[in-house]
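Written out below as structure tokens is the structure these notes cover.
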Amino acid sequence: MTTLNKEAVFKFIQTSPKPLTKREIARAFGIKGGENRVALKQILKTLTKDSSITKQPGGAYSAPDGLPSVTVVRVHEIDLDGDVFALPLDWDEALQGAPPKIEIVPDPKNFKNVREGSRALCRLSRVNDGFYEARIIRLVDEGARHDGGSVLGIIRMQKRGAILVPTHKKAKYDFDIAIGDLNGAKDGDLATAEILPSRGLKRKQVKVSEILGRQGDPKTISLIALHEAGLSDSFPKAVLDETKDLKVPPLGKREDLRAIPLVTIDGADARDFDDAVFAEKTVEGGYHMIVAIADVAHYVCFGTDLDKEAQARGNSTYFPDRVVPMLPEALSNDLCSLKPGEVRASLAVHLYIDEAGKLLRYKFVRALINSHARLTYEQVQAARDGHGDATTAHLMDNVINPLYAAYKILDKARSSRGALDLDLPERQILINEKGVMTGVKPRARLDSHKLIEEFMVLANVAAASALEGNKDYPCIYRIHDKPSYDKLESARDFVESFNLSMPKGQNIKPQQLNGLLRKAAASPYSHLISQMVLRCQSQAIYSPDNIGHFGLALERYAHFTSPIRRYSDLLVHRALIGAYGLGDGAMNKEEKSRIEEIAQHISATERTSMEAERSAVDRFTASYLSSHIGAEFPGTINGVTRFGLFVTLDESGADGLIPMRSLGDDFYIHDEAAHALVGRRTKQVFRLGAHIRINIKEADGMTGSCIFDLAPGQKGADIPGIQKPIAAREGQGAERKNKPRQGQRNRQSRRK
């Protein structure tokens, strides 16, 4: 029993990982009688008065400036290891001083939904002065984009009645359903339900409004993801009504490009074709190119129901088994789709480049076109490689070969200016006719893909150049800031451990990162360096203020080439129509006044779509793995935290967590400089980027979360030839003598 005095009470509160109530303090000091309780009360009062301790709301005591045991935080940084750090919500540094450091502990339910800017109600425990661990109780403010009056879930029939179990990971309780409110729903049905007034009831009640499918039906996976994101796979009647009387306009003042052999080149599974291309050599030795884009602005006019819906959606969203389009099919798959042999309205740009790929001049026109062929990437590449078919045979000389010749010039120009060359492999999820994921294959990366990319980039540059400095018609730029100094510094030790050097300085250029990537190319672990460089990148956004595009090494860049699926491109079309006097559909005064607000909105809808797409992929892969519980798979460590390892499986691309408790009977030290966990006793190393074998422990297709175990016989996972972490060489762990670089720490994690 500790002697009750002021110093002892102060030390006890000061070293506690959480605020303490008076009862908890009394219990710790063995206080039972009334006299000692009075003494304790007086000590607490004195310590509070002289600011040695703080009394939190609710009556608990903590160290000065200590945080409540439960509080709302905002995620402000996710570092290269995947560690998530947060700040107390609305912390005022000017009034409260430097904020404490809060690290969020990973958990299977909530952690995959955490992004920079996310807010979470957390339970905090203090590790030491100014440093806390946070465990998420629930994510908050993430439902703002959802309809607050409805919920998506699975119907469950229980003895006491029917309930709705929400599919959303953030949901904190189930809902009761009266038998009369089931509307024909049965056990296992996926349904949306309307939340009913439930004042005085212990749990909220809902009424089933729509049955979407059955649990286990693969077709419902994307439905869950799109409903969670607040997306809709259907359009309001008023929007659909506006598409009924639309038709291709007459030639009028449009340029007649119908005789030009423009062709579309897209994926084999593409359903809409919004860009067509053409190239021919000029007498000067350069090339005249045409990029013709669907004239969406002719059909979607500002202020109409069509336009309001397109702006609200911001962009199309692509799931493995379906598309949630920005525009109804009457436009996206018909009138605005550049189908072969059919006349279509277009906003086209004539581009003239010299032999070095320099853009000499450009001209934007409204036109009528007639696509001469619908080609696929594989088909065009096969023809270029000498394996043509009946369609491509007569297109080689006047279409395909000139396109490739112009592409070679543009590709060389791209390399010369130093555009970031992160050629990371993409995976394509394979879905059968029943909607079931059957596997994954690498997505092809052919010269024909790059050809179209370079043509589109040049057209986008021309659009930004045409609007730059135009006072009457503003441009929404696609901007990409340079990597932050802190992110580059945090990657430096990892890169240098491969005997490579990370570029230094605040004004880093993409050419410098390309130099690093070229040096790493000879290494079998070059993909790790590419991943590290990718993690350092800022996120591209839309803005009326131009700062350039770092990744493409371009001073000005806008999105012009996909108005069917991006609202940003439609706005750029309207600005170009106004700037060039090309007729109806120009950007009006209201749009101009709201340009910054719209840019922020479509940047947000893009992030929403990316998260929904990622959520659907997570669910598909988790559902695929749920039939492989216990099976062994190879993977790569893609995140190292004090609480465990995040692993991406090589075959499926599925992500999962190996909790710290699964790493074996040892204490593990988190060496941030080496991006590794090191066993204090065994010296086993688990390092970012290392290959590892795992067993599937849990895989939940409903939530998309996976938990892995180490495969038997796995003795660490390190990278051959790389320098050992200091913790493994010296065994000093967090107490090592050599001082780490500022911002780094070597931390110990106990197996839990």
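The values are calculated or read from the model by the stated rules, or taken from the named source; none is laboratory data. Predicted model, so just to flag it, every value in this text is computed and none were measured. Neighbour counts are summed over all protein chains in view; Cβ atoms, including those assigned to glycine, are modelled from backbone coordinates with ideal geometry.
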Inter-residue pairs, beta-carbon under 7 Å, first assigned by TED's automatic domain parsing to the domain that holds Asn470 and in the stretch 575-593, second part of a loop (DSSP other than H, G, I, E, B) and of a type in the set (A, V, I, L, M), 6+ apart: Ala575/Met587; Ile577/Ala586; Gly578/Ala586; Gly578/Met587
Residue in the stretch 98-109 that is in a strand (DSSP E or B), under 18 Å from Leu657 (Cβ atoms) and at pLDDT 80 or above present: yes
Total residues in the stretch 267-291, condition surrounded by 18 or more Cβ atoms within 10 Å (Cβ to Cβ) and within 30 Å of the chain's Cα centre (by Cα): 6
Pairs with Cβ under 8 Å, 6+ apart, first in the stretch 278-291 and more than 14 Å from Val349 (Cα to Cα), second among the small types (Gly, Ala, Ser) and at pLDDT 95 or above: Lys281/Ala405
Those residues of the stretch 565-583 which are over 26 Å from Ser538 (Cα atoms) and either among the hydrophobic types (A, V, I, L, M, F, W, C) or part of a loop (DSSP other than H, G, I, E, B) (or both), in sequence order: Ala575, Leu576, Ile577, Ala579, Tyr580, Gly581, Leu582, Gly583
Leading residue by the ranking (modelled with the highest pLDDT) among those in the stretch 206-226 that are among the charged types (D, E, K, R) and in contact with a helix residue (DSSP H, G or I) (Cβ under 8 Å, 6 or more places away or on another chain): Lys207
Test: Met502 is under 20 Å from the mean Cα position of the chain (by Cα) and either part of a helix (DSSP H, G or I) or farther than 30 Å from Ile577 by Cα (or both): no
Residue within the stretch 228-237 that is surrounded by fewer than 20 Cβ atoms within 10 Å (Cβ to Cβ), at negative phi and hydroxyl-bearing (Ser, Thr, Tyr) present: yes
Residues of the stretch 420-432 that turn out to be closer than 19 Å to Ala521 by Cβ and in contact with a Gly (Cβ under 7 Å, 6 or more places away or on another chain), as a count: 1
Looking only at the stretch 108-142, and only at residues there that are of a type in the set (Val, Ile, Thr) and farther than 29 Å from Ile13 by Cα, the one that is surrounded by the most Cβ atoms within 10 Å (Cβ to Cβ): Val114
Listing of strands (runs of 3 or more DSSP E) fully contained in the stretch 635-711 that carry 2 or more residues being assigned by TED's automatic domain parsing to the domain that holds Asp79: none
Matching residues in the stretch 609-628 - criterion: being touching a Ser or Thr at 6+ places or on another chain (Cβ under 8 Å) and closer than 11 Å to Leu231 by Cβ: Ser609, Ala612, Glu613, Ala616
Selected residue (criterion: modelled with the highest pLDDT) from residues of the stretch 55-73 that are assigned to a strand (DSSP E or B) and either surrounded by 18 or more Cβ atoms within 10 Å (Cβ to Cβ) or on the phi > 0 side of the Ramachandran plot (or both): Val73
Answer from Asp245, Asp256, Asp217 - the residue that is among the acidic types (Asp, Glu), over 18 Å from Ile293 (Cα atoms) and either within 37 Å of the chain's Cα centre (by Cα) or not in a loop (DSSP other than H, G, I, E, B) (or both): Asp217
Condition check for His549: under 22 Å from the mean Cα position of the chain (by Cα), surrounded by 24 or more Cβ atoms within 10 Å (Cβ to Cβ) and not charged (D, E, K, R): yes
1 or more residues surrounded by fewer than 22 Cβ atoms within 10 Å (Cβ to Cβ), small (Gly, Ala, Ser) and out of contact with any Cys (no Cβ under 9 Å at 6 or more places or on another chain): qualifying helices (runs of 4 or more DSSP H) within the stretch 296-409: 305-313, 377-384
Selection within the stretch 706-718 - buried (at least 20 other Cβ atoms within 10 Å of the Cβ) and more than 17 Å from Gly630 (Cβ to Cβ): Gly716, Ala717, Asp718
Matching residues in the stretch 517-537 - criterion: being of a type outside the set (S, T, N, Q) and either crowded, with 19+ Cβ neighbours inside 10 Å or not in a loop (DSSP other than H, G, I, E, B) (or both): Leu517, Arg518, Lys519, Ala520, His527, Leu528, Ile529, Met532, Val533, Leu534, Arg535, Cys536
